[in-house]
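The values are calculated or read from the model by the stated rules, or taken from the named source; none is laboratory data. All values derive from a computational prediction rather than experimental measurement. Every residue, glycine as well, gets a Cβ built from its backbone with ideal geometry; the counts of neighbours run over all protein chains shown.
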Amino acid sequence: MHKLASSIDHLNNWLGKGLGWLTISMVLLTFFIVIMRYFFNWGSIALQELVMYLHAMVFMGGAAYALQHDEHVRVDIFYREMNEHRKAWVNLLGTLFLLLPVCTLMLWLSLEYVGRAWSIREASPEPGGLAFVYLLKTMIPLMAGLLLLQGISQILHSIITLRMVKKL
C-alpha cells in the first residue's frame with residue numbers, strides 16, 4: 001500500500017513542480033504581450049490564448065498536487081483541531097464519498113466532450129487564434145484522472161495512519 005501511494009505521490013509531485021514553471025512562463029509571456037501592445041501597438045490573439053492555455057494547464061494539472069500537499073480548499077474549523085486518527089477518518093470518508101464520485105463523474109462526462117473536440121480538431125473561433133482547443137479540453141479528463149489517483153493515494157495514507165494508530 002505504501003509503495004503505491006508513494007508512486008502516485010511522486011508522479012503528482014513531479015507534475016506539480018513541473019507545471020510550476022509554466023507559471024513563470026505565463027508571467028513572462030503576459031509581460032511581453034503588455035509591452036508589445038502598449039509600447040509597440042502590436043497584439044496577438046494567439047499569444048493571449050497561449051496565456052489562457054498555460055493558466056488552464058497550471059490550474060487543472062496542479063489540482064492533484066494541491067490535494068497532495070493539503071493546499072486545497074477545506075473548511076477546517078473542526079479539522080485543524082482533530083488528532084491524526086480523526087483526520088485520517090475525515091480524509092478517508094471525504095475521499096470515498098465526495099472526491100472519488102465527483103472525479104469519476106467528471107471523467108465520464110468529459111470523455112465525449114473531449115472526444116468531439118478531438119474528432120474535429122477543434123480550433124479557436126478567433127481569427128489568428130490557436131488551433132489546439134482540443135488539447136486544452138483534454139486537460140479536463142487529465143485533471144479528473146490525476147485527482148482520482150491522488151484520491152487513491154489519500155485513501156491508502158489514511159488506512160496506513162488508521163492502522164498505525166490502532167497498533168499504538
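Does the stretch 134-168 hold any residues that are surrounded by fewer than 19 Cβ atoms within 10 Å (Cβ to Cβ) and more than 19 Å from Thr104 (Cβ to Cβ), and which are they?
Once the filter is applied, which keeps residues that are surrounded by fewer than 19 Cβ atoms within 10 Å (Cβ to Cβ) and more than 19 Å from Thr104 (Cβ to Cβ), the stretch 134-168 yields Tyr134, Leu135, Ile159, Ile160, Thr161, Leu162, Arg163, Met164, Val165, Lys166, Lys167, Leu168.
Considering each of Val114, Val51, Val75 in turn, give the residue that is within 13 Å of Pro141 (Cα to Cα) and among the hydrophobic types (A, V, I, L, M, F, W, C).
From the options Val114, Val51, Val75, the qualifying one is Val114.
Have a look at Leu100, Leu136 and point out the one that is assigned to a helix (DSSP H, G or I) and touching a Gly at 6+ places or on another chain (Cβ under 6 Å).
Leu100 is the lone residue from the list that is assigned to a helix (DSSP H, G or I) and touching a Gly at 6+ places or on another chain (Cβ under 6 Å).
Could you please find all residues in the stretch 1-21 being touching a Leu at 6+ places or on another chain (Cβ under 8 Å) and within 17 Å of Leu142 (Cα to Cα)?
Residues satisfying the conditions are Ile8, Leu11, Asn12, Leu15.
For the condition on the phi > 0 side of the Ramachandran plot and of a type in the set (D, E, K, R), what is the one hit in Arg121, Arg163?
Going through Arg121, Arg163 in turn, just one is on the phi > 0 side of the Ramachandran plot and of a type in the set (D, E, K, R): Arg121.
Please find, among Trp89, Trp118, the residue that is over 30 Å from Met164 (Cβ atoms) and assigned to a helix (DSSP H, G or I).
Trp118
Could you list, ordered by first residue, the pairs with Cβ atoms under 6 Å in which the first is in the stretch 126-141 and in contact (Cβ under 8 Å) with a residue 40 or more places away in the chain and the second is of a type in the set (Phe, Trp, Tyr), at least 6 apart or interchain?
Listed pairs, sorted by first residue: Leu136/Tyr53.
Can Glu71 be described as at pLDDT below 90 and within 29 Å of Met26 (Cα to Cα)?
Yes, satisfied.
Looking at (1) in a helix (DSSP H, G or I); (2) aliphatic (A, V, I, L, M); (3) in contact with a Ser or Thr (Cβ under 8 Å, 6 or more places away or on another chain), can you tell me which one Leu142 breaks?
Tallying (1) in a helix (DSSP H, G or I); (2) aliphatic (A, V, I, L, M); (3) in contact with a Ser or Thr (Cβ under 8 Å, 6 or more places away or on another chain), Leu142 fails exactly one: (3).
Can you name the residue in the stretch 73-98 that is among the polar types (S, T, N, Q) and more than 14 Å from Leu148 (Cβ to Cβ) and is also surrounded by the most Cβ atoms within 10 Å (Cβ to Cβ) among such residues?
Asn91
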